[in-house]
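**Q** Next up is a structure, given as structure tokens.
We did not get these values from a lab; they are worked out from the coordinates using the rules stated. Since this is a predicted model, take the numbers as computed values, not measurements. For neighbour counting, all protein chains shown are included, and Cβ atoms are generated from backbone atoms with ideal geometry for every residue, glycine included.
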Amino acid sequence: MMSHRPGRIFLHTPGPTNVPDSVLSAMHRPAEDFASPEFARTARSCLDDLKTVYRTDGEVFSFIANGHGVWEVPLVNLLEPGDSVLVPLAGRFSAAWAEMAEHLGLEVVTTPADLTRAIAPDAVREMLERDRDHAIRAVLCVHTETASGARTDLRAIRRAIDDAGHPALLVVDAIASLAVETFDMDGWGIDCALSASQKGLMMPPGLAFAALGRRAMERAQTCNHPRRYWDLQFRRGDPTYMWFHGTPPLQQVWGLRAALDRILAEGVDEVIARHRRLADAVRAAVARWSAAGALSFQCRNETERANAVTAVRVEGGDPDAMRKLAHERYNLSLGGGLGELEHRVFRIGHLGDLNEPMILGALATTELALQECGIAVQPGGVEAAIAALRTQHDNRRVA
Ligand SMILES: *Cc1c(COP(=O)(O)O)cnc(C)c1O
């Protein structure tokens, strides 16, 4: 029997994120004929509105999949076995994507991970400059590395590719950054960008998206990689049945419609600004706690800290015991360390359907749990977060 837990769950893992009530109720619908014009219109409108979120005039495809599933889409639609790809490593997610590429028969070259920072554009440029005969067909770049909380400057990566005079496609994992960070697919010269439903898009897991620009679509048309379920060509036709290569996930599409309605009503730029505000509040609290010496930001460079998640390093204490206590005693879920960062960090997810009181509640409870676990923290994290929020709202009023 599940034990009774009063109050709401405070979900601060960096995915899945809170599903708003309006999205949940939109999905509470009977099954229907997916050939109905109303459903087709709704599914199409979602793909069109996703273009606004991605900021692209390209094509958006959707898949019944999670992030790992959609990782495979560019690997089989844009690349052929034996092709080389460059995967700049930055943490567990970029490493897992590189492993997947290898399993699919691609030649994977990497730049080494520095888990305290984002991907270094210079390392990408040097690697491409060395590739004189242009064997590297694509650069697979994770925008926000959810394991370390570092956000890579995609404009700088584009510049690195251009400075090297290299024709490789730029393929981006925007799973933790779409509808969270400023994202300008066409403006930044991104050829293909991936996302999944359960992060910034505030949906249950199960839907994933790939946006492709013209160059990537052209490559997809001539690509010889054997594929069927993930084949984009197959998913372009008229019947709604083929948009998902089979029965569409009806209720999820209605949920997505409601989620996009929320994003568009708030405004994409406002959604991004809200994430920045809340992330600043979290960072103010972590900085305050860290003054006692036991905690520090996993991502050392301030300008690279992501607005989706903050990874906090713990010296002289057990982050997993703290997370367990926070969860069991207070119904607060925090993320744990991944890969090499296992048992070394905890992660505060601050993306999706969140507002100031939710963030302040999560920070207050984290501070409590840290203290209860005997991890040395400078008190006053919540006051620091309040001060950060106040400054921002004062600035907004002036602006
Ligand atoms: C969450 C995440 C993934 C994996 O998504 P799943 O839906 O769990 O498969 C991949 N990349 C990044 C950057 C993520 O944050």
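**Q** So what is the 222 nm mean residue ellipticity for the chain from helices alone, if each DSSP H run of at least 4 adds -39500 (n - 2.57) and you divide by all residues, rounding to the nearest 500 deg cm²/dmol?
**A** Details: 13 runs with 168 residues, N = 399.
Value at 222 nm, helices only: -13500 deg cm²/dmol.
**Q** Further, regarding this structure: Once the Cα atoms of helix 92-103 and of the chain are each reduced to a long axis, what angle between those two axes, in degrees from 0 to 90 to the nearest 10, is obtained?
**A** So the helix axis and the longest Cα principal axis differ by about 30 degrees.
**Q** If the label point is 7 Å along Cα→Cβ of Thr42, which residues in the stretch 55-86 have backbone nitrogen under 18 Å from it?
**A** 62-64, by backbone N distance to the label point.
**Q** Can you pull the percent of Cα pairs in the stretch 21-265 with separation above 26 Å?
**A** Details: 10806 of 29890 pairs.
The calculated P(r) of the stretch 21-265 puts 36 percent of pairs beyond 26 Å.
**Q** Could I ask something else about it? Please give the contour-minus-distance gain from Arg8 to Asn331: 0.36 nm per residue of separation, less the Cα-Cα distance, rounded to one decimal in nm.
**A** Working: separation 323, 0.36 × 323 = 116.28 nm, distance 0.76 nm.
Result for the pair: 115.5 nm of gain on full extension.
**Q** To test your reading of the geometry: what angle, between 0 and 90 degrees and rounded to tens, separates the Cα axis of helix 319-330 from the longest principal axis of the chain?
**A** The helix 319-330 is inclined about 80 degrees to the chain.
**Q** Counting only other residues whose beta carbon sits under 13 Å from that of Val309, what net charge do I get with K and R as +1, D and E as -1? Don't skip to the end; give the middle numbers.
**A** Values: positive: Arg92, Arg151, Lys199, Arg283, Arg305, Arg347; negative: Glu145, Glu181, Glu304.
For residues surrounding Val309, the net value is +3.
**Q** Ranking Glu32, Glu181, Glu145 by Cβ neighbours within 10 Å, fewest first, what do you get? Before the final figure, lay out the partial values.
**A** Details: Glu32 12, Glu181 21, Glu145 33.
Listed from fewest to most nearby Cβ atoms, that is Glu32, Glu181, Glu145.
**Q** What is the gain in length, in nm to one decimal, between Leu264 and Ser22 on full extension, counting 0.36 nm per residue of separation less the C-alpha to C-alpha distance? Show your work: numbers first, answer last.
**A** Values: separation 242, 0.36 × 242 = 87.12 nm, distance 1.41 nm.
That works out to 85.7 nm of additional length.
**Q** Helix 250-266: angle to the longest alpha-carbon principal axis of the chain, degrees 0 to 90, nearest 10?
**A** On a 0 to 90 degree scale, this one is about 60.
**Q** Quick one: Cα centre-to-centre distance for the stretch 145-167 and the stretch 87-143, in angstrom?
**A** Here the answer is 10 Å between Cα centres.
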